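Engineer: Before I ask anything, let me first share the structure, which is written out below as structure tokens.
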Amino acid sequence: MPERPLARGVAARHRFGRLMSLGDRNQPSAWTPGLVLDPRDPEMPLALAPFTSLREGNSLPAGITLSTRANLCYPFDTEDTWQAVEGLVLPPSLAEADSGEFGNGSQVLPVSWQAMHHDQSLNDTELEPSVVVLVDAPQLTKRPGMLVDALDALRVRFPSSLLWTPGIGGPDNCAMLVWMGADLFDLARSRHASSLGVLLSEEGPREVEETVSESADMDAQCAAWTRALAATRAAIRNGSLRELAERQSTSSARSVERLRRHDAKMRGYDGGRAGLARVVGSEHTL
């Protein structure tokens, strides 16, 4: 049976940042920006976490299973599960090399930096996945400019797809990543912080304050995510996402660098390519 596409609609937009409703547009049951849960994660409300994922790495190439947590695909009669193959992912520094085996999937599409340079199937106009997974996002964050270029290329190539950046999102940078085009995040950094006894807050990782019995357990980590996602969604609605992204970027020198590189890249485009036309409309003069 063919995989069914995700029912989604744009409820609000601020440049590349989008607040999207998922499921029946008359009664949306989930929203993005949101989270993709792992089997190790605690339960979170559907409105915050529309998907669950499982990576099967026992054999190469690894497989990815992404499941909806509600009836989000027309005719909204059951939950859906999508399958994909990750492909053989080489380090971003080997972008000129062609592994010959790229990620593939129908409604969930794994994409790497290398695939963006060599996989001709990405140019197929019939390719319209519901979710695009930037599988080597953690590696791209370590090389200046690559994450910015990858997010820009994927957002322009797949404008209606949800973009998931596994392993790099947190309450301290989700607004900035949404400003750059991402839609979905996960709790990988929060799990790591919890294992170290550190709280990954909206202002960045910090030690817990014992005088108020603060905790670094996953419940506290999820509470920080709830506040961050709520603030991000509200900022998209009221047009203040840029200001929120600026405040978040100060938690990390790398975040400041990425935001400035994104700004420089957008300045190099005309208004429509930079996303301005999506805000004011093509009938207005920029």
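Engineer: Filter the stretch 54-95 down to the residues that are small (Gly, Ala, Ser) and either more than 19 Å from Leu122 (Cβ to Cβ) or in a loop (DSSP other than H, G, I, E, B) (or both) and list them by number.
Structural biologist: Of everything in the stretch 54-95, those that are small (Gly, Ala, Ser) and either more than 19 Å from Leu122 (Cβ to Cβ) or in a loop (DSSP other than H, G, I, E, B) (or both) turn out to be Gly57, Ser59, Ala62, Gly63, Ser67, Ala70, Gly87, Ser93, Ala95.
Engineer: Identify the residue in the stretch 193-243 that is touching a residue at least 60 places away in the same chain (Cβ under 8 Å) and among the basic types (Lys, Arg) and, among all such residues, is surrounded by the most Cβ atoms within 10 Å (Cβ to Cβ).
Structural biologist: My answer is Arg233.
Engineer: Hey, can you tell me all the residues within the stretch 162-185 that are surrounded by fewer than 24 Cβ atoms within 10 Å (Cβ to Cβ) and either more than 8 Å from the chain's Cα centre (by Cα) or without any contact (Cβ under 8 Å) to a residue 24 or more places away in the chain (or both)?
Structural biologist: Gly167, Ile168, Asp172
Engineer: From the list Ala264, Ala234, which one is part of a helix (DSSP H, G or I), out of contact with any His (no Cβ under 6 Å at 6 or more places or on another chain) and at pLDDT 95 or above?
Structural biologist: Ala234
The values are calculated or read from the model by the stated rules, or taken from the named source; none is laboratory data. Remember, predicted model here, so these are calculated numbers, not experimental data. Backbone-built Cβ (ideal geometry, glycine too); neighbour counts: all protein chains shown.
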